[in-house]
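Trainee: Take a look at the following structure, please.
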């Protein structure tokens, strides 16, 4: 079986249903068919074709391994060639689960409430505006060993919002060794059009620490 998309350069590595259009990032057609319903419809007869089992994708969590080989696998989160479980982009809840002992407030702060309060404050003060009906806020925080965690929350103009997600930037993935191990471009996409409120976050943490110190002082005074 091979891909039937027009002018596909790697037709032996995936099926027609496994071809990802580089224009719209949807599967089942290519650039020459994109936006043309008649051309796309003509490809649907090939969507159920499968690669031979020995060519199936080897990533354990791949749901469509029959449609492409391992080298043609695209992460569902960032489209790079790795498992979605290995992707640096995960929900904040997932990163908190993976780093339960982080000492930099990763697991002790209600980020949903922090971002929502800051969003309401900035909207009221007219400090931010919706772009394509969305507003994104993010912070950068220490994740240990020179690594950083970029935490983001997206707010929609209809009043809804998405769960906080986060991008883990490993200290070895800055491109210092080779272009193949560089997550900076993906980090930049993650925070694109988002407002950096890291300084507000630092001030917020400092205020929490000051309040905690004041509480200790009051307790000590009563004890004496």
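Trainee: Report the residue count in the stretch 107-121 for those that are crowded, with 16+ Cβ neighbours inside 10 Å and in contact with a helix residue (DSSP H, G or I) (Cβ under 9 Å, 6 or more places away or on another chain).
Mentor: 4
Trainee: Out of (1) assigned by TED's automatic domain parsing to the domain that holds residue 168; (2) assigned to a helix (DSSP H, G or I), what's the single condition that is false for residue 54?
Mentor: Only one criterion in (1) assigned by TED's automatic domain parsing to the domain that holds residue 168; (2) assigned to a helix (DSSP H, G or I) is unmet by residue 54, namely (1).
Trainee: When you check residue 48 against the structure, is it in contact with a helix residue (DSSP H, G or I) (Cβ under 7 Å, 6 or more places away or on another chain), over 26 Å from residue 85 (Cβ atoms), touching a residue at least 12 places away in the same chain (Cβ under 8 Å) and outside any helix (DSSP H, G or I), yes or no?
Mentor: The answer is no for residue 48.
Trainee: Still on this structure, I have one more. Just checking, does the stretch 15-27 include any residue being over 25 Å from the mean Cα position of the chain (by Cα) and modelled with pLDDT of 95 or more?
Mentor: Yes, because at least one residue in the stretch 15-27 is over 25 Å from the mean Cα position of the chain (by Cα) and modelled with pLDDT of 95 or more.
Trainee: Name every residue in the stretch 137-162 that is closer than 12 Å to residue 95 by Cβ and exposed (fewer than 14 other Cβ atoms within 10 Å of the Cβ), in order of residue number.
Mentor: Within the stretch 137-162, no residue meets the criteria.
Trainee: Scan 43, 32 and give me the residue that is surrounded by 13 or more Cβ atoms within 10 Å (Cβ to Cβ), in contact with a helix residue (DSSP H, G or I) (Cβ under 9 Å, 6 or more places away or on another chain), assigned by TED's automatic domain parsing to the domain that holds residue 71 and farther than 14 Å from residue 72 by Cβ.
Mentor: Result: 32 is the single residue among 43, 32 that is surrounded by 13 or more Cβ atoms within 10 Å (Cβ to Cβ), in contact with a helix residue (DSSP H, G or I) (Cβ under 9 Å, 6 or more places away or on another chain), assigned by TED's automatic domain parsing to the domain that holds residue 71 and farther than 14 Å from residue 72 by Cβ.
Trainee: Just to be sure I understand, how many residues within the stretch 53-106 are more than 15 Å from the chain's Cα centre (by Cα), loosely packed, with under 14 Cβ neighbours inside 10 Å and over 13 Å from residue 14 (Cβ atoms)?
Mentor: Going through the stretch 53-106 one residue at a time, the tally reaches 11.
Trainee: Taking the conditions exactly as written (under 21 Å from residue 195 (Cβ atoms), assigned by TED's automatic domain parsing to the domain that holds residue 166 and under 20 Å from the mean Cα position of the chain (by Cα)), does residue 123 satisfy them or not?
Mentor: no
The values are calculated or read from the model by the stated rules, or taken from the named source; none is laboratory data. Computed from a predicted structure; not experimentally measured. Because the Cβ atoms are built from the backbone with ideal geometry, glycine has one as well, and the counts that use them run over all protein chains shown.
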